[in-house]
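To keep things clear, I will list the structure first and then write my remarks on it.
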Amino acid sequence: MSPAEPDPSPRRRELLEAAYAYALRGGLAELSLRPLAEAIGSSPRVLLYLFGSKDGLIRALLARARADELAALRRIMDAREEPRGLRPVALELWRWLSDDAHRGLLTLWVESYARSLTDPDGPWGGFARATVEDWLTLLAGAQPAALRDSEGARAERTLVLAVLRGGLLDLLATGDTERVTAAVRHQLESLQGWFTPAPGPD
């Protein structure tokens, strides 16, 4: 994530929050400054002054969305009772991902993820890689500290991330929560214990 701007003005913060709410409703792909400014009670000139450019505004919105997602995921991680393990935490994460209340944020995340792959030199550049690293770091926190740097533990959390991300894409496309949740649960159950390391020598 880009470092936060030092002491952003209250007006910039206010407009960023309003623009973020706007983006959650309509996405970023067709974002145009004039309709956005009109919707949030500003002007294109003010937005350009505060954010430097349209790309600067998009980067600020992506950072805001990423911070929102990470804060929610960290709340899930912090609320768990030790010891929990990767599978129970992944199920809690899926409950959050499949909640209709988060659909706008997650649709924006998928859109930004895809744009970062097709437009790596644009304001989306690096977003997909950064979010993969975010998720893997969070999932590592659910694994035993003594094992999380092992090859097996890295593979295990990578597979869990793939299951959650694949389920999310299906859910956003179809809205079929029951079917997708059953599949995610089945796959997470099947992953349990696959990468438990063999006992070492005495």
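The values are calculated or read from the model by the stated rules, or taken from the named source; none is laboratory data. Nothing here was measured: the structure is a model prediction, and the numbers come from that model. Backbone-built Cβ (ideal geometry, glycine too); neighbour counts: all protein chains shown. All accessible areas refer to the heavy atoms of the entire protein, side chains included, with ligands and DNA or RNA removed. Shrake-Rupley method; radii C 1.70, N 1.55, O 1.52, S 1.80 Å.
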query: Out of 99, 68, which single residue is open to solvent by 30 Å² or more (accessible area, probe 1.4 Å), under 16 Å from the mean Cα position of the chain (by Cα) and modelled with pLDDT of 90 or more?
result: 99
statement: Going through the range 147-193 in order, the residues found to be open to solvent by 40 Å² or more (accessible area, probe 1.4 Å), more than 19 Å from residue 99 (Cα to Cα) and under 17 Å from the mean Cα position of the chain (by Cα) are 158, 159
query: What are the residues in the range 77-91 that are in a helix (DSSP H, G or I) and either at pLDDT 90 or above or on the phi > 0 side of the Ramachandran plot (or both), if any?
result: 90, 91
query: Could you list, in sequence order, the residues of the range 41-65 that are crowded, with 19+ Cβ neighbours inside 10 Å and either among the β-branched types (Val, Ile, Thr) or in contact with a Lys or Arg (Cβ under 7 Å, 6 or more places away or on another chain) (or both)?
result: 50, 58
query: Out of the range 112-140, which residues are part of a helix (DSSP H, G or I), open to solvent by 40 Å² or more (accessible area, probe 1.4 Å) and among the small types (Gly, Ala, Ser)?
result: 114
field: The lone exception for residue 119 - which of (1) more than 30 Å from residue 142 (Cβ to Cβ); (2) at pLDDT 90 or above it fails
entry: (2)
- request: Six or more apart or on different chains, Cβ under 7 Å: which pairs go from a residue in the range 121-137 that's without any contact (Cβ under 8 Å) to a residue 12 or more places away in the chain to one that's of a type outside the set (Lys, Arg) and buried (at least 17 other Cβ atoms within 10 Å of the Cβ)? Could you list them?
  value: 125/116; 126/116
